[in-house]
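The values are calculated or read from the model by the stated rules, or taken from the named source; none is laboratory data. All values reported here derive from a predicted model rather than from experimental measurement. A quick note on method: Cβ atoms are made from the backbone with ideal geometry, for glycine too, and the neighbour counts reach across all protein chains shown. Note: accessible area is taken over every heavy atom of the protein model, side chains too, but ligands, DNA and RNA are not part of it. Shrake-Rupley method; radii C 1.70, N 1.55, O 1.52, S 1.80 Å.
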Amino acid sequence: MDAAIDQPAWQHIRYEQPAPRVARIVLARSEVANAQDYRMISELNEAFDVAARDENVRVIILAADGNHFSSGHDLRAGTDMSDIDPIGTWCCFGADGAEGYMATEAEMYVGMCWRWRNIPKPTIAQVQGKVIAGGLMLVWPMDLVVCSDDATFADPVVAFSMNGHEYFTHAFEAGARLAKEMLFTGRPITADEAYRRGMVNQVVPRDELESTTLALAEHIARRPMFGLTLAKQSVNNTLDAMGMYTAIQSAFGLHHVGHNHNLRLHGSLVDPAGLQVIRDEA
Ligand code: ZN
(Lines give C-alpha, C1' and ligand atoms only; values in the text may rest on other atoms or scores of the structure.)
Protein backbone atom coordinates (compact mmCIF):
# COMPACT_ATOMS: atom_id res chain seq x y z
CA MET A 1 0.00 0.00 0.00
CA ASP A 2 1.25 3.45 -0.78
CA ALA A 3 0.73 6.45 1.40
CA ALA A 4 -1.72 9.11 0.44
CA ILE A 5 0.81 11.52 1.82
CA ASP A 6 0.97 15.03 0.49
CA GLN A 7 4.41 15.55 -1.01
CA PRO A 8 3.93 18.12 -3.77
CA ALA A 9 7.03 20.16 -3.03
CA TRP A 10 9.47 17.25 -3.14
CA GLN A 11 11.29 17.05 -6.45
CA HIS A 12 14.34 14.93 -5.68
CA ILE A 13 12.90 12.28 -3.38
CA ARG A 14 9.73 10.20 -3.00
CA TYR A 15 7.93 9.11 0.13
CA GLU A 16 6.22 5.73 0.18
CA GLN A 17 4.55 3.43 2.68
CA PRO A 18 5.16 -0.03 1.18
CA ALA A 19 3.75 -1.91 4.20
CA PRO A 20 1.96 -1.11 7.44
CA ARG A 21 4.29 0.64 9.92
CA VAL A 22 7.05 0.99 7.30
CA ALA A 23 8.00 4.21 5.50
CA ARG A 24 10.33 4.26 2.53
CA ILE A 25 12.14 7.40 1.40
CA VAL A 26 13.60 7.09 -2.10
CA LEU A 27 16.37 9.17 -3.67
CA ALA A 28 14.91 10.10 -7.06
CA ARG A 29 17.71 11.68 -9.09
CA SER A 30 18.87 8.57 -10.90
CA GLU A 31 19.74 10.65 -13.98
CA VAL A 32 22.72 11.98 -11.97
CA ALA A 33 23.33 8.81 -9.93
CA ASN A 34 21.46 10.42 -7.03
CA ALA A 35 24.02 13.16 -6.53
CA GLN A 36 22.90 15.26 -3.60
CA ASP A 37 22.26 18.95 -4.06
CA TYR A 38 21.03 21.05 -1.15
CA ARG A 39 17.43 20.64 -2.28
CA MET A 40 17.67 16.88 -2.07
CA ILE A 41 19.25 17.05 1.38
CA SER A 42 16.53 19.43 2.60
CA GLU A 43 13.79 17.25 1.14
CA LEU A 44 15.33 14.19 2.76
CA ASN A 45 15.29 15.94 6.09
CA GLU A 46 11.64 16.90 5.67
CA ALA A 47 10.75 13.32 4.76
CA PHE A 48 12.64 11.90 7.72
CA ASP A 49 10.69 14.31 9.91
CA VAL A 50 7.39 13.13 8.43
CA ALA A 51 8.29 9.49 9.10
CA ALA A 52 9.70 10.23 12.55
CA ARG A 53 6.52 12.08 13.62
CA ASP A 54 4.05 9.60 12.12
CA GLU A 55 2.74 7.43 14.94
CA ASN A 56 1.92 4.72 12.42
CA VAL A 57 5.54 4.38 11.23
CA ARG A 58 7.99 2.22 13.19
CA VAL A 59 10.76 1.59 10.65
CA ILE A 60 12.19 3.87 7.95
CA ILE A 61 13.92 2.58 4.80
CA LEU A 62 16.19 4.86 2.78
CA ALA A 63 16.40 3.56 -0.80
CA ALA A 64 17.47 4.93 -4.17
CA ASP A 65 16.26 4.80 -7.78
CA GLY A 66 18.52 3.64 -10.58
CA ASN A 67 21.78 1.76 -10.79
CA HIS A 68 23.67 3.62 -8.05
CA PHE A 69 22.69 4.56 -4.53
CA SER A 70 24.52 7.90 -4.56
CA SER A 71 27.54 9.42 -6.28
CA GLY A 72 27.97 11.91 -3.44
CA HIS A 73 27.52 15.63 -3.26
CA ASP A 74 26.45 17.41 -6.43
CA LEU A 75 29.45 19.69 -6.82
CA ARG A 76 27.97 21.41 -9.87
CA ALA A 77 24.93 22.56 -7.88
CA GLY A 78 26.96 25.09 -5.89
CA THR A 79 26.81 26.04 -2.23
CA ASP A 80 24.20 28.80 -2.25
CA MET A 81 22.06 28.62 0.89
CA SER A 82 19.58 31.37 -0.02
CA ASP A 83 16.76 28.92 -0.84
CA ILE A 84 17.39 26.73 2.21
CA ASP A 85 15.55 27.00 5.52
CA PRO A 86 18.14 25.96 8.12
CA ILE A 87 17.04 23.43 10.72
CA GLY A 88 20.03 23.97 12.98
CA THR A 89 21.33 27.04 14.77
CA TRP A 90 24.13 28.06 12.39
CA CYS A 91 23.93 31.33 10.49
CA CYS A 92 26.06 33.60 8.28
CA PHE A 93 26.34 31.04 5.49
CA GLY A 94 27.62 33.71 3.10
CA ALA A 95 30.30 35.08 5.44
CA ASP A 96 33.86 35.48 4.16
CA GLY A 97 36.86 33.50 5.31
CA ALA A 98 36.31 30.08 6.84
CA GLU A 99 33.13 31.20 8.60
CA GLY A 100 30.48 30.93 5.90
CA TYR A 101 31.43 27.60 4.41
CA MET A 102 32.06 25.95 7.75
CA ALA A 103 28.56 27.01 8.82
CA THR A 104 27.16 25.71 5.53
CA GLU A 105 28.72 22.25 5.90
CA ALA A 106 27.85 22.12 9.60
CA GLU A 107 24.23 22.75 8.68
CA MET A 108 23.84 20.73 5.50
CA TYR A 109 26.14 17.78 6.12
CA VAL A 110 27.24 17.05 9.69
CA GLY A 111 24.13 18.55 11.28
CA MET A 112 21.73 16.65 9.04
CA CYS A 113 23.56 13.32 9.31
CA TRP A 114 23.73 13.52 13.09
CA ARG A 115 20.06 14.44 13.24
CA TRP A 116 19.06 11.43 11.09
CA ARG A 117 21.38 9.15 13.05
CA ASN A 118 19.42 10.05 16.18
CA ILE A 119 15.87 9.56 14.88
CA PRO A 120 14.33 7.43 17.65
CA LYS A 121 13.09 4.78 15.19
CA PRO A 122 15.05 2.07 13.37
CA THR A 123 16.36 3.14 9.95
CA ILE A 124 17.60 0.84 7.16
CA ALA A 125 19.72 1.83 4.15
CA GLN A 126 18.83 -0.18 1.02
CA VAL A 127 21.93 0.12 -1.15
CA GLN A 128 22.82 -0.84 -4.72
CA GLY A 129 25.66 0.08 -7.06
CA LYS A 130 28.12 2.79 -6.23
CA VAL A 131 28.27 4.76 -3.02
CA ILE A 132 30.88 7.49 -3.31
CA ALA A 133 32.10 9.98 -0.68
CA GLY A 134 29.02 12.02 0.33
CA GLY A 135 26.94 8.94 -0.58
CA LEU A 136 28.36 7.29 2.54
CA MET A 137 26.80 10.14 4.52
CA LEU A 138 23.39 8.68 3.70
CA VAL A 139 24.38 5.08 4.47
CA TRP A 140 26.34 5.40 7.69
CA PRO A 141 23.78 7.41 9.73
CA MET A 142 21.27 4.58 9.18
CA ASP A 143 21.03 1.81 11.80
CA LEU A 144 21.13 -1.18 9.45
CA VAL A 145 22.42 -1.62 5.90
CA VAL A 146 21.16 -4.14 3.34
CA CYS A 147 23.07 -4.02 0.06
CA SER A 148 23.13 -5.84 -3.25
CA ASP A 149 26.20 -7.84 -4.20
CA ASP A 150 27.21 -5.19 -6.76
CA ALA A 151 27.41 -2.42 -4.13
CA THR A 152 30.74 -0.66 -3.58
CA PHE A 153 31.69 1.95 -1.01
CA ALA A 154 34.43 4.54 -1.59
CA ASP A 155 35.69 7.79 -0.15
CA PRO A 156 38.37 8.97 -2.61
CA VAL A 157 38.62 12.61 -1.48
CA VAL A 158 42.17 12.36 -0.09
CA ALA A 159 43.17 12.80 -3.76
CA PHE A 160 41.69 16.30 -3.42
CA SER A 161 43.86 17.09 -0.37
CA MET A 162 41.01 16.46 2.07
CA ASN A 163 40.72 14.03 4.98
CA GLY A 164 37.46 12.41 3.86
CA HIS A 165 33.80 13.34 3.61
CA GLU A 166 32.25 15.48 6.32
CA TYR A 167 30.46 12.86 8.47
CA PHE A 168 33.72 11.26 9.54
CA THR A 169 32.67 7.97 11.13
CA HIS A 170 34.94 5.86 8.91
CA ALA A 171 36.80 4.14 11.76
CA PHE A 172 33.54 3.32 13.55
CA GLU A 173 31.93 1.94 10.39
CA ALA A 174 34.77 0.10 8.65
CA GLY A 175 37.24 -0.37 11.52
CA ALA A 176 40.42 1.70 11.79
CA ARG A 177 42.58 -0.49 9.52
CA LEU A 178 40.16 -0.64 6.57
CA ALA A 179 39.14 2.99 7.10
CA LYS A 180 42.76 4.05 6.61
CA GLU A 181 43.11 1.86 3.52
CA MET A 182 39.90 3.29 2.00
CA LEU A 183 41.13 6.82 2.63
CA PHE A 184 44.78 6.36 1.62
CA THR A 185 44.03 4.46 -1.59
CA GLY A 186 40.56 5.73 -2.54
CA ARG A 187 39.76 2.08 -3.37
CA PRO A 188 36.08 1.08 -3.33
CA ILE A 189 35.23 -1.55 -0.73
CA THR A 190 33.15 -4.38 -2.16
CA ALA A 191 29.87 -5.56 -0.65
CA ASP A 192 31.58 -8.76 0.48
CA GLU A 193 34.38 -6.85 2.24
CA ALA A 194 31.84 -4.54 3.85
CA TYR A 195 29.93 -7.56 5.13
CA ARG A 196 33.04 -9.24 6.52
CA ARG A 197 33.99 -6.03 8.37
CA GLY A 198 30.51 -5.61 9.82
CA MET A 199 29.78 -2.46 7.82
CA VAL A 200 26.61 -3.95 6.31
CA ASN A 201 24.10 -6.44 7.73
CA GLN A 202 23.14 -8.41 4.63
CA VAL A 203 24.31 -8.82 1.03
CA VAL A 204 21.74 -10.10 -1.46
CA PRO A 205 21.33 -10.39 -5.25
CA ARG A 206 20.17 -7.14 -6.82
CA ASP A 207 16.72 -8.47 -7.68
CA GLU A 208 16.12 -9.43 -4.04
CA LEU A 209 17.31 -6.15 -2.54
CA GLU A 210 13.95 -4.42 -2.19
CA SER A 211 12.05 -7.49 -0.96
CA THR A 212 14.75 -8.47 1.55
CA THR A 213 14.94 -4.96 2.97
CA LEU A 214 11.18 -4.68 3.23
CA ALA A 215 10.92 -8.09 4.91
CA LEU A 216 13.55 -7.02 7.47
CA ALA A 217 11.65 -3.77 8.10
CA GLU A 218 8.36 -5.62 8.55
CA HIS A 219 9.99 -8.10 10.93
CA ILE A 220 11.36 -5.25 13.06
CA ALA A 221 8.05 -3.35 12.89
CA ARG A 222 6.28 -6.20 14.73
CA ARG A 223 8.11 -5.12 17.88
CA PRO A 224 6.82 -2.30 20.08
CA MET A 225 7.99 1.18 19.14
CA PHE A 226 9.27 2.05 22.58
CA GLY A 227 11.36 -1.11 22.89
CA LEU A 228 12.96 -0.34 19.53
CA THR A 229 13.62 3.24 20.58
CA LEU A 230 15.23 2.17 23.85
CA ALA A 231 17.42 -0.39 22.06
CA LYS A 232 18.54 2.11 19.43
CA GLN A 233 19.27 4.75 22.01
CA SER A 234 21.28 2.29 24.10
CA VAL A 235 23.54 1.30 21.20
CA ASN A 236 23.94 4.92 20.10
CA ASN A 237 24.79 5.93 23.65
CA THR A 238 27.48 3.22 23.66
CA LEU A 239 28.99 4.67 20.49
CA ASP A 240 28.81 8.13 22.01
CA ALA A 241 30.60 6.89 25.13
CA MET A 242 33.32 5.63 22.76
CA GLY A 243 33.70 9.19 21.52
CA MET A 244 31.81 9.06 18.23
CA TYR A 245 30.42 12.60 18.35
CA THR A 246 33.70 14.11 19.48
CA ALA A 247 35.58 12.22 16.77
CA ILE A 248 33.18 13.57 14.10
CA GLN A 249 33.61 17.14 15.33
CA SER A 250 37.38 16.80 15.51
CA ALA A 251 37.58 15.47 11.95
CA PHE A 252 35.19 18.21 10.80
CA GLY A 253 37.65 20.82 12.11
CA LEU A 254 40.48 19.14 10.16
CA HIS A 255 38.18 18.92 7.12
CA HIS A 256 37.97 22.72 7.19
CA VAL A 257 41.73 23.02 7.57
CA GLY A 258 41.75 21.06 4.28
CA HIS A 259 39.21 23.32 2.57
CA ASN A 260 41.04 26.46 3.64
CA HIS A 261 44.44 25.03 2.70
CA ASN A 262 43.08 24.36 -0.77
CA LEU A 263 41.50 27.80 -1.01
CA ARG A 264 44.82 29.44 -0.16
CA LEU A 265 46.87 27.29 -2.54
CA HIS A 266 44.46 26.70 -5.41
CA GLY A 267 41.59 29.16 -4.98
CA SER A 268 39.11 26.29 -4.69
CA LEU A 269 37.70 24.26 -1.81
CA VAL A 270 39.42 21.08 -3.03
CA ASP A 271 42.72 20.44 -4.81
CA PRO A 272 41.86 20.48 -8.54
CA ALA A 273 44.64 17.96 -9.27
CA GLY A 274 42.58 15.27 -7.52
CA LEU A 275 40.38 14.72 -10.56
CA GLN A 276 43.35 13.59 -12.65
CA VAL A 277 44.53 11.25 -9.89
CA ILE A 278 41.10 9.59 -9.89
CA ARG A 279 40.91 9.48 -13.72
CA ASP A 280 44.35 7.90 -14.02
CA GLU A 281 43.25 5.07 -11.75
CA ALA A 282 39.88 4.49 -13.42
ZN1 ZN B 1 33.60 19.75 2.77
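Structure values in brief
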item: Accessible area per residue in Å² at 1.4 Å probe, computed on region 75-231; result: 45
item: Within the accessible area of region 44-105 (1.4 Å probe), percent carbon and sulfur; result: 45
item: Under 5 Å, built H, 5+ apart or other chain: amide partners of Gln17; result: Ala3, Arg24
item: Asn201 paired with Gln249, simple spin-label distance in nm, labels 7 Å along Cα-to-beta-carbon; result: 3.0
item: Globularity index of the chain, i.e. its alpha-carbon radius of gyration over 2.2 N^0.38 Å; result: 0.97
item: Relative contact order for the chain, counting Cα pairs under 8 Å that sit 6 or more residues apart, in percent; result: 17
item: Residue (of Trp116, Ser30, Ser71) at the positive-pole extreme of region 1-150, dipole from beta-carbon charges; result: Trp116
item: Mean Cβ neighbour count within 10 Å, used as a protection proxy, ranking 258-265, 214-221 highest first; result: 214-221, 258-265
item: Most positive-pole-ward Cα, His259, Thr152, Ala241, against dipole of the chain from beta carbon charges; result: Ala241
item: Rounded to the nearest 20 debye, dipole of the chain from Cβ charges on Lys, Arg, Asp, Glu; result: 780
item: Order by protection proxy (mean Cβ within 10 Å, highest first), peptides 183-190, 138-145; result: 138-145, 183-190
item: Peptides 37-49, 158-170, 195-207 ordered by average Cβ neighbours within 10 Å, highest first; result: 158-170, 37-49, 195-207
item: Charge dipole (region 23-132, unit charges on Cβ, about Cα centre) - positive-most of Gly88, Ala103, Leu44; result: Leu44
item: Protein accessible area in region 128-221, 1.4 Å probe - carbon and sulfur %; result: 54
item: Given charges at beta-carbon only (K, R positive; D, E negative), |dipole| of region 1-112 in Debye; result: 480
item: Inter-label distance for Asp85 and Met225, nm, one decimal - labels placed 7 Å from Cα along Cα-to-Cβ; result: 2.3
item: Estimated FRET transfer efficiency (Asn260, Ala171; beta-carbon r; R0 25 Å; 0.05); result: 0.60
item: Estimated dipole of region 18-80 in Debye, rounded to 20 [Cβ of Lys and Arg +1, of Asp and Glu -1, Cα centre]; result: 240
